[in-house]
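The next block holds one structure in the form of structure tokens; read it before the comments.
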Amino acid sequence: MAPTRYRKLPVEIDAIQFTRDTFRAAIRFVPIDQFSAAGEDHNGRLYLEIRTLEGTMRADEGDWIIRGVKGEHYPCKPDVFAATYEPASA
């Protein structure tokens, strides 16, 4: 059987880009029960660890933190975010 093509439904999500300027806001965006750790690694790069259904995932500086349709939070690399999402119209 050949694979069938699918398209993502147009679903709106909330997201914040994880940067030095948004560090505190990004931490507050992730619920305490999904938050694992945050800080700078030994190279001075910011990181944020989030508990997900797939295990703990690490967001690095510049990544996006997404709140999914069921309230789950997870990191997304900037290139994937740009290819997948656009600003929602008001």
Among (1) touching a residue at least 24 places away in the same chain (Cβ under 8 Å); (2) outside any strand (DSSP E or B) - the single one Tyr74 does not satisfy
(2)
Tally time: how many residues in the range 56-81 are over 10 Å from the mean Cα position of the chain (by Cα) and at pLDDT below 95?
3
Residues of the range 16-49 classified as out of contact with any Leu (no Cβ under 9 Å at 6 or more places or on another chain) and either assigned to a loop (DSSP other than H, G, I, E, B) or free of Cβ contacts under 8 Å to residues at least 60 places away in the same chain (or both), total:
20
Can you name the number of the only condition in (1) at pLDDT 95 or above; (2) in contact with a strand residue (DSSP E or B) (Cβ under 8 Å, 6 or more places away or on another chain); (3) not β-branched (Val, Ile, Thr) that Asp41 fails?
(1)
Just one of (1) surrounded by 13 or more Cβ atoms within 10 Å (Cβ to Cβ); (2) of a type outside the set (D, E, K, R); (3) on the phi > 0 side of the Ramachandran plot trips up Phe18, so point out which.
(3)
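The values are calculated or read from the model by the stated rules, or taken from the named source; none is laboratory data. Please read these numbers as outputs of a predicted model, since none were measured by experiment. All Cβ positions, glycine included, derive from the backbone under ideal geometry; neighbour counts span all protein chains shown.
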